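Following: one structure in structure tokens, then a few remarks.
The values are calculated or read from the model by the stated rules, or taken from the named source; none is laboratory data. These numbers were taken from a predicted model, which means no experiment stands behind them. Here the Cβ positions follow ideal geometry from the backbone for every residue, glycine too, while neighbour counts run over all protein chains shown. Areas reflect the complete protein model, heavy atoms only, side chains present, ligands, DNA and RNA absent. Shrake-Rupley method; radii C 1.70, N 1.55, O 1.52, S 1.80 Å.
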Amino acid sequence: MSRRNSMGVAAQNRLVNGLVLAVLILGAVVMIAPLLWMFTTAIKTKVEVFALPPVWFPDVPQWDTFTRMWSEAPILSGFRNSIIVAGTVTVVGSITSSLAAFALAKLRLPFKNAIFLGLLSGLMIPFPTIMIPQFVMFAKIGWVDTLLPLIVPLLFGNIIMIFFLRQYLESVPDSIVEAAKIDGASYLQIFRVMILPMIRPAIAAQFILWFMAIWNDYLAPILYLNTESRQTLQVVIANLNVEFATQRDYPLIMGASFVALLPILVVFLIFQRQIIESVALTGTKG
């Protein structure tokens, strides 16, 4: 009887696993379908883009779209500027955010809880409310139409990243830091040798989210950047949409949009191991 029950439970588990797998496959198709449509549109002709019934894959792929975009639009300069902004901000900002989270979590600072609450209150202020004062300030110091307004303010850290890392460090015993301090280690040594390896998965997870936000940002670059050679990739693609949409050159627009996704994919592939480790550790601690 027990053997029959165990076989019934096993069959039920297989059925549930099969249903879950089917739902996940369906979700994956729904998520990937727009990206595939973007790619196939990039290699279609202008006629095939608007054909009815829709052309799912062109008979003769127009691979030259991915070559002529570099000559017909400032894609290369947009790539360069976006990489400079996103790379500088996320690398330097992740270091400063990690140090700030360590200080707020483990150091004996006066009014550190008040400072932390003050930082969190900054999340309640939407960017459009400070957009004009910031623009006036940067205009007075001559930073408009440069990359500096997009880089310098964010070098000092990300509030969301500081909050996430601080909460992550709450599970680390204070006695470890105090013991290292008694042994003569400085706070920077404690952070580099002990704390940084612990929070590296969390930093990787936040790094990708922050990189995606900076890479896909459109509002701040369109506000500060006027010269075409200094515009980021998202602004360049938006200008392509205005310029070429009247000519119905949607393959060029879709090709540039597809290429713009590649850096995010590369960053995810580099840090996917740390992200999985971060999720696993969070689940274990919970």
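Structure notes:
- Only helical runs count toward this figure. For the chain, summing -39,500 (n - 2.57) over DSSP H runs of n ≥ 4 and dividing by all residues gives -24500 deg cm²/dmol at 222 nm.
- In Å², nearest 10: area of Thr67 left accessible to a 1.4 Å probe: 90 Å²
- Anchor Lys181: aspartates and glutamates whose Cα lies under 20 Å away (excluding residues fewer than 8 positions away in-chain): Glu170
- Considering every alpha-carbon pair of region 6-131, the percent of pairs per 5 Å bin, from zero through the bin containing the longest distance, is 2, 7, 7, 8, 9, 9, 9, 10, 11, 11, 9, 5, 2, 0.
- Under a Gaussian network description of the chain, with springs only between Cα atoms under 10 Å, the residue in Asp145, Asp64, Asp183 that fluctuates furthest is Asp183.
- Chymotrypsin sites (Phe, Trp or Tyr not before Pro) restricted to region 15-123 and DSSP loop, no more than 16 other C-beta within 10 Å: Phe50, Trp56, Trp63, Phe111
- On the basis of the beta-carbon distance and an R0 of 41 Å, Tyr218 and Val60 show a calculated FRET efficiency of 0.75.
- Fully extended contour minus Cα-Cα distance, from Val20 to Ile182, at 0.36 nm per residue: 53.1 nm
- Relative contact order of the chain: 31 percent, from C-alpha pairs under 8 Å at least 6 residues apart in sequence.
- Here the Gaussian network model covers the chain, with springs between Cα atoms less than 10 Å apart; of Leu120, Leu76, Leu252, Leu120 fluctuates the most.
- A Förster radius of 41 Å combined with the Cβ-Cβ distance from Gln167 to Phe50 puts the calculated FRET efficiency at roughly 0.20.
- Summarising the label geometry, the points placed 7 Å from Cα in the beta-carbon direction at Ala114 and Leu209 lie 2.9 nm from one another.
- R0 of 35 Å, Cβ-Cβ distance Ser71-Val29: FRET efficiency to nearest 0.05: 0.50
- Taking all Cα-Cα distances within region 163-228, those exceeding 21 Å account for 47%.
- Extension gain, Asn239 back to Thr129 (0.36 nm per residue minus Cα-Cα distance, nm): 37.1 nm
- For the chain, leaving out every one of the trypsin sites (Lys or Arg not before Pro) that falls in a DSSP loop and has at most 16 other Cβ atoms within 10 Å, the longest unbroken run is 109-247.
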